[in-house]
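Engineer: Okay, handing you the structure first.
The values are calculated or read from the model by the stated rules, or taken from the named source; none is laboratory data. Keep in mind that this is a model prediction, so the values were computed, not measured. With ideal geometry, Cβ positions are generated from the backbone for all residues, glycine too; neighbour counts draw on all protein chains shown. Areas reflect the complete protein model, heavy atoms only, side chains present, ligands, DNA and RNA absent. Shrake-Rupley method; radii C 1.70, N 1.55, O 1.52, S 1.80 Å.
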Number of protein chains: 2
Amino acid sequence: MRTSQYILATLKETPSDAEIVSHQLMLRAGMIRRVASGLYTWLPSGLRVLKKVENIVREEMDKAGAIEMLMPIIQPADLWEESGRWEQFGPELLRINDRHNRPFALGPTHEEVITDFVRKEVSSYKQLPLTLYQVQTKVRDEVRPRFGVMRAREFTMKDAYSFHLSDECLEKTYQVMHKAYCNIFERLGLDYRPVIADTGSIGGSVSHEFHVLAESGEDAIAFSDASDYAANIEKAEALAPTEERPAASKELKAFPTPDAKSIAELKEHYGVKPHRGVKTLIVYGAPDENEQRGLVALVLRGDHELNELKAEKHPLVDSPLEMAKEEDIVAAIGAKPGSLGPVGLSMPIIVDRTANVLADFVAGANKDGEHFSGINWDRDVENYEVADIRNIVEGDPSPCGQGSLQIKRGIEVGHIFQLGTKYSEAMKAGVLSETGKNQVMTMGCYGIGVSRIVAAAIEQNNDQYGIKWPQPIAPFDLAIVPMNMHKSHRIPDIADNLYKGLKDAGLDVLFDDRKERPGVMFNDMELLGVPFTLVIGERNLDENKVELKNRHTGEKLMLDLDSAASEIAALVKG
Amino acid sequence: MRTSQYILATLKETPSDAEIVSHQLMLRAGMIRRVASGLYTWLPSGLRVLKKVENIVREEMDKAGAIEMLMPIIQPADLWEESGRWEQFGPELLRINDRHNRPFALGPTHEEVITDFVRKEVSSYKQLPLTLYQVQTKVRDEVRPRFGVMRAREFTMKDAYSFHLSDECLEKTYQVMHKAYCNIFERLGLDYRPVIADTGSIGGSVSHEFHVLAESGEDAIAFSDASDYAANIEKAEALAPTEERPAASKELKAFPTPDAKSIAELKEHYGVKPHRGVKTLIVYGAPDENEQRGLVALVLRGDHELNELKAEKHPLVDSPLEMAKEEDIVAAIGAKPGSLGPVGLSMPIIVDRTANVLADFVAGANKDGEHFSGINWDRDVENYEVADIRNIVEGDPSPCGQGSLQIKRGIEVGHIFQLGTKYSEAMKAGVLSETGKNQVMTMGCYGIGVSRIVAAAIEQNNDQYGIKWPQPIAPFDLAIVPMNMHKSHRIPDIADNLYKGLKDAGLDVLFDDRKERPGVMFNDMELLGVPFTLVIGERNLDENKVELKNRHTGEKLMLDLDSAASEIAALVKG
């Protein structure tokens, strides 16, 4: 591609409405342009990257035995009513009416359509297992689309669905997909982690997210420093401490704390170390048979944070988790938040595993402006349950049993689920089993955010000059920058020959044939993140040399003009 | 691909809701399934064909210098308001509101989005000409979606747009695109014609449609039998007859025709040959300065048909053309349709060129139940204009001056336009010209119905057994059908080796490894239209042979087992 016949569309200034670096660089490098909030046009350079990502995803899905098909973007409401999601799904589901006023949705996902398809086309266990996938445009009407294509309203997903007679068979395909996803992210050249994840609103039991690691990532991931274990922080188990709880050595004693409404203030004004105190959070309990909700106390060590997902899974706690209103707390306890504690509390108490090994600790006295010191479990608080309800912290032992946990940030770009029968049961998707009985199929689903990967790759690979593409998804393998070509007699032919030679060798080459100053051209190629730039200049040509610059290492290599094309081809492909 | 790990989904019965053969065969061959009216899922076999078509289109567009990008499906209403089409476009434009109640449309075409893009990104004549294209899902909310993917609501289009400083430059790119389209349809292996076309609601001056020829086509196309000339019948000019009008030889005479209200009845009951009479159609005239519309008479030879498009382009006639209501006719003339004629008519009269060379002809007497014979122009009708207002008929001289016209039927699968400044002017898309002035760009646009081509190819290539794919777009190049494999000791290994050998040779192979009777397998492969079937059977293997069947010619070829793979690869690729 010659820049003179291309739309490079690079920008010098950082657009003011772009908050994160990938969004800024995608605009500046001429990869995308905004059409409306959350809606983007992919420029030629952006589309080249998108297609390379898409092709790698497709190739690995095919290798893993998944079969590609294509479902419509516009989906009839009745299928969503069958699954129950027409009501459940929030306003992210863009609902529309056609000219005959019939209701449809623009698909954010395709569980309903694929389940409808398979229940009609697959009738026998002999046709199972079956894994189908598509690469399709999805629509989510985000309340606040942001970060460019990272959270757009229209985006490209690869979504796959598998159908099975048994959970064992599902588990097997799930592992095949897990491996295929690892292959995909390896081939994309990205630093990634598969992490144990929550199944959320999609449903199902087992689930993994695939994260591209980047400091700017929205998610926190916990890793073992000694094994492959990795989990989304919301799912990582905080093991029970191995040390025994010390014996009680102090008396329970109240002390006035008029200036402490938080763990931080307790430390500042009264010298209580956070890990020597506990905090008590009051939430609503699970409804009883009369649909009445009582209160439940959650007790954590002062330096720990509540993990809402873990707490709301406890049978005593209402789900989704809801913090109790102050008036309900005051009515039940007689004290306000800031002076609460487990002693003398007449409601169910759930104590975090780590808080449970404390002895002689500090907590609110359930009287405004007063705390107790010297609290001891069992002696001072009799009825309580122990559970894992906190977020892990760095240094916690890994739940896998090996090493301790570290925390990194990641961008979720893939998610695989063992769905089970959530959709197949609601939509009556069954097959005849070997014994001739109708049996509901069990399902898996497997998504990859194809367009989001483009942004995530930039978040992970950039510097002050621009993007640093991993070779497999770079818009061009190589840029040719001839210096002051239009003033030279020999450079035009030499550049042209190299361009043809490199294209014939199968490389994607951008030939910058603009009448621009070399500095402008270098800056554009660095901004666009082309992995190699071949510089052709008079001085080097005097010695029959051309210079190859590596965008990643900054390294410069002098090549003989005659063998340059073949050497570069070997280097790029190797 | 092994059928046991694939979704073949062939049907024995012809679905009752499919009216045309391509729709029937796409359902029966397991290529598509209906999700809702005009919305389809593409099954693996269908998607394979769609992707092959798409790739050929993409390769030829790239070769022609067009640059691929991707615009969003969801388009903001304000761009459509700028171009004026938010109001003009009918209910085919699917208008939606997002969660914030802002208006959008699902794009049936992208002139507005691309013009907005180019006016922001292109500022200088130096960046022109520029041709951009995309392969994207389009939405048209058809009032009555039908014929499967031939007229669906969601479909795949390739749409390209070119931008220029001058009409000469546009003309040049238009020719390049015309040639690229010819290359595309050649490579697809389809019998097609580029035909001169009307620009319709898209606007512009020059336009060509590309038709796949098929008896079931909705459009009639006129061809010269001696040149390349071809035009949509609505655009084909009916030349003025070269023969002179004979001199009048008869007297004007009224005769009663109580039983004739049509040309056919005039022939049946009174022996008037259709080409010796004229028919007179009354339409509304162009509005005058007070927005009042009078009536206009259109006179055609009895055996000819009105061409509405030609008529409505006449300055005297209102556009779009509207037939006058009977009460308006009776009020103005005093007679009903069926007895109308040009004699004594007090309204503008437009006479078709061919009707104008008649002498001594018959027409209604503008009195119910009465006709005149012996009518002669000028003598009996003084004020009239002559124009080409009829459809051509087979045998008419070709407007190109060579040969005479024939009529065939076609399916429109491509359309190219010289748009001019319709959109760029409305949306103020200008660049700085060489002299430093702001100049509105002139535009071309170039569409191909990618998904429609799949259906059109079937309409052109089928027989009673199923589809007969042209090799370049067949879902598979070859099917391997081993007969009674599961009862044989040697066939499984031999079939497997051939499968691997043919795949390694780069062919798309479908290996039918089902436990089905050979007849069932042959029928499925014929229905699916795979160009070659390799049959492996015990009897032939005794002589170390396998049999290759050609779906198109029916020919059977005996091949040596050892060289079969290489011979087939050469045959298919050659």
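Matching residues to (1) in contact with a helix residue (DSSP H, G or I) (Cβ under 8 Å, 6 or more places away or on another chain); (2) away from chain A (no Cβ under 14 Å); (3) in a strand (DSSP E or B):
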site	(1), (2), (3)
B:LYS138	no, no, yes
B:ALA180	yes, yes, no
B:ILE184	yes, yes, no
B:ASP198	yes, yes, no
B:SER205	no, yes, no
B:PHE210	yes, yes, yes
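For every residue, the table says whether it meets (1) at pLDDT 95 or above; (2) in a helix (DSSP H, G or I).
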{"position": "B:HIS489", "(1), (2)": "no, no"}
{"position": "B:TYR499", "(1), (2)": "yes, yes"}
{"position": "B:LEU507", "(1), (2)": "yes, no"}
{"position": "B:ASP524", "(1), (2)": "yes, yes"}
{"position": "B:LYS549", "(1), (2)": "yes, no"}
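Engineer: One residue is enough: does the stretch A:191-211 have a residue meeting the conditions basic (Lys, Arg) and closer than 22 Å to A:ILE67 by Cα? Spell out how you get there, then give the answer.
Structural biologist: Looking only at the stretch A:191-211, we keep the residues that are basic (Lys, Arg), and these are A:193.
Next, from what is left, pick out any that are closer than 22 Å to A:ILE67 by Cα: none.
No: zero hits.
Engineer: Among the residues of the stretch A:1-39, count how many are within 10 Å of chain B (Cβ to nearest Cβ) and farther than 28 Å from B:TYR125 by Cα.
Structural biologist: 3
Engineer: Same structure again: Which residue, of A:LYS325, A:LYS253, is open to solvent by 90 Å² or more (accessible area, probe 1.4 Å) and either under 24 Å from A:VAL357 (Cα atoms) or of a type in the set (A, V, I, L, M, F, W, C) (or both)?
Structural biologist: None of the others qualify; the one that does is A:LYS253.
Engineer: Kindly establish whether A:VAL206 is in contact with a strand residue (DSSP E or B) (Cβ under 9 Å, 6 or more places away or on another chain), open to solvent by less than 10 Å² (accessible area, probe 1.4 Å) and at pLDDT below 95.
Structural biologist: Details: in contact with a strand residue (DSSP E or B) (Cβ under 9 Å, 6 or more places away or on another chain): yes; open to solvent by less than 10 Å² (accessible area, probe 1.4 Å): no; at pLDDT below 95: yes.
Taking the combined requirement at face value, the residue does not satisfy it.
Engineer: Identify the single condition in (1) under 24 Å from B:SER262 (Cα atoms); (2) of a type outside the set (Lys, Arg); (3) buried (at least 16 other Cβ atoms within 10 Å of the Cβ) that B:GLY294 does not satisfy, given that it satisfies every other one.
Structural biologist: Here B:GLY294 meets the rest and fails (1).
Engineer: From the list B:LEU70, B:LEU94, B:LEU50, which one is among the hydrophobic types (A, V, I, L, M, F, W, C) and over 23 Å from A:ARG140 (Cα atoms)?
Structural biologist: B:LEU50
Engineer: Would you mention how many residues in the stretch A:219-240 are assigned to a loop (DSSP other than H, G, I, E, B) and surrounded by 15 or more Cβ atoms within 10 Å (Cβ to Cβ)?
Structural biologist: Here the count works out to 9.
Engineer: Filter the stretch B:40-57 down to the residues that are open to solvent by 10 Å² or more (accessible area, probe 1.4 Å) and either assigned to a helix (DSSP H, G or I) or not hydroxyl-bearing (Ser, Thr, Tyr) (or both), then identify the one that is farthest from the other protein chains (Cβ to nearest Cβ).
Structural biologist: Of everything passing the filter in the stretch B:40-57, B:ILE56 is farthest from the other protein chains (Cβ to nearest Cβ).
Engineer: Looking only at the stretch A:419-427, decide whether some residue is of a type in the set (D, E, K, R), closer than 30 Å to A:LEU47 by Cβ, out of contact with any Cys (no Cβ under 9 Å at 6 or more places or on another chain) and modelled with pLDDT of 95 or more.
Structural biologist: Restricting attention to the stretch A:419-427, the residues satisfying the condition of being of a type in the set (D, E, K, R) are A:422, A:425.
Restricting the remaining residues to those that are closer than 30 Å to A:LEU47 by Cβ gives none.
No, that holds for no residue.
Engineer: So, B:VAL362, is that one in contact (Cβ under 8 Å) with a residue 24 or more places away in the chain, open to solvent by less than 20 Å² (accessible area, probe 1.4 Å) and under 18 Å from B:ALA247 (Cα atoms) or not?
Structural biologist: On the way: in contact (Cβ under 8 Å) with a residue 24 or more places away in the chain: yes; open to solvent by less than 20 Å² (accessible area, probe 1.4 Å): yes; under 18 Å from B:ALA247 (Cα atoms): yes.
Criteria met by B:VAL362.
Engineer: Could you tell me which residue of the stretch B:436-480 is farthest from B:LEU170 (Cα to Cα), considering only residues that are among the polar types (S, T, N, Q), open to solvent by 10 Å² or more (accessible area, probe 1.4 Å) and in contact with a Phe, Trp or Tyr (Cβ under 8 Å, 6 or more places away or on another chain)?
Structural biologist: In the first step, residues of the stretch B:436-480 are kept if they are among the polar types (S, T, N, Q); the result is B:438-439, B:442, B:451, B:460-462, B:464, B:471.
Imposing the further condition that a residue be open to solvent by 10 Å² or more (accessible area, probe 1.4 Å) reduces the set to B:438-439, B:460-462, B:464, B:471.
When the remaining residues are screened for being in contact with a Phe, Trp or Tyr (Cβ under 8 Å, 6 or more places away or on another chain), the result is B:439, B:461.
Details: B:GLN439: 15, B:ASN461: 36 Å.
Result: B:ASN461.
Engineer: Something else about it: Scan the stretch A:209-241 for residues that are modelled with pLDDT of 90 or more and β-branched (Val, Ile, Thr) and jot them down.
Structural biologist: A:VAL212, A:ILE221
Engineer: Go through the stretch B:131-171 residue by residue and tally those that are within 30 Å of A:ARG514 (Cβ to Cβ), in contact (Cβ under 8 Å) with a residue 40 or more places away in the chain and open to solvent by 10 Å² or more (accessible area, probe 1.4 Å).
Structural biologist: Residues flagged as within 30 Å of A:ARG514 (Cβ to Cβ), in contact (Cβ under 8 Å) with a residue 40 or more places away in the chain and open to solvent by 10 Å² or more (accessible area, probe 1.4 Å) within the stretch B:131-171 amount to 8.
Engineer: Among the candidates A:LEU507, A:LEU498, which residue alone is within 27 Å of A:LEU548 (Cα to Cα) and in contact with an Asp or Glu (Cβ under 8 Å, 6 or more places away or on another chain)?
Structural biologist: Among A:LEU507, A:LEU498, only A:LEU507 is within 27 Å of A:LEU548 (Cα to Cα) and in contact with an Asp or Glu (Cβ under 8 Å, 6 or more places away or on another chain).
Engineer: Would you confirm, using the coordinates I've provided, whether A:LEU561 is out of contact with any Phe, Trp or Tyr (no Cβ under 8 Å at 6 or more places or on another chain) and either in contact (Cβ under 8 Å) with a residue 12 or more places away in the chain or not aromatic (Phe, Trp, Tyr) (or both)?
Structural biologist: Yes.
Engineer: Just checking, which of B:THR533, B:THR553 is hydroxyl-bearing (Ser, Thr, Tyr) and not in a loop (DSSP other than H, G, I, E, B)?
Structural biologist: Step by step, each of B:THR533, B:THR553 is checked, and only B:THR533 is hydroxyl-bearing (Ser, Thr, Tyr) and not in a loop (DSSP other than H, G, I, E, B).
Engineer: Could I ask something else about it? Among what's in the stretch A:1-39 and is within 10 Å of A:VAL149 (Cα to Cα) and touching a helix residue (DSSP H, G or I) at 6+ places or on another chain (Cβ under 6 Å), pick the residue that is surrounded by the most Cβ atoms within 10 Å (Cβ to Cβ).
Structural biologist: A:MET26
Engineer: Does B:PRO15 count as within 30 Å of B:GLU459 (Cβ to Cβ) and either without any contact (Cβ under 8 Å) to a residue 60 or more places away in the chain or assigned to a loop (DSSP other than H, G, I, E, B) (or both)?
Structural biologist: yes
Engineer: How do the strands (runs of 3 or more DSSP E) wholly within the stretch A:339-401 filter down when requiring 2 or more residues that are among the aliphatic types (A, V, I, L, M), modelled with pLDDT of 95 or more and touching an Asp or Glu at 6+ places or on another chain (Cβ under 8 Å): which remain? Before the answer, list the steps.
Structural biologist: On the way: elements: A:349-352, A:361-367, A:370-375, A:385-387.
Result: A:349-352, A:385-387.
Engineer: Just checking, which of A:ARG379, A:ARG409 is surrounded by fewer than 22 Cβ atoms within 10 Å (Cβ to Cβ), closer than 28 Å to A:GLU186 by Cα and either in contact with a His (Cβ under 8 Å, 6 or more places away or on another chain) or not β-branched (Val, Ile, Thr) (or both)?
Structural biologist: A:ARG409
Engineer: If A:GLN134 meets every condition in (1) touching a Lys or Arg at 6+ places or on another chain (Cβ under 8 Å); (2) more than 24 Å from A:GLU154 (Cβ to Cβ); (3) more than 8 Å from chain B (Cβ to nearest Cβ) apart from one, which number is that one?
Structural biologist: So A:GLN134 meets the others, but not (2).
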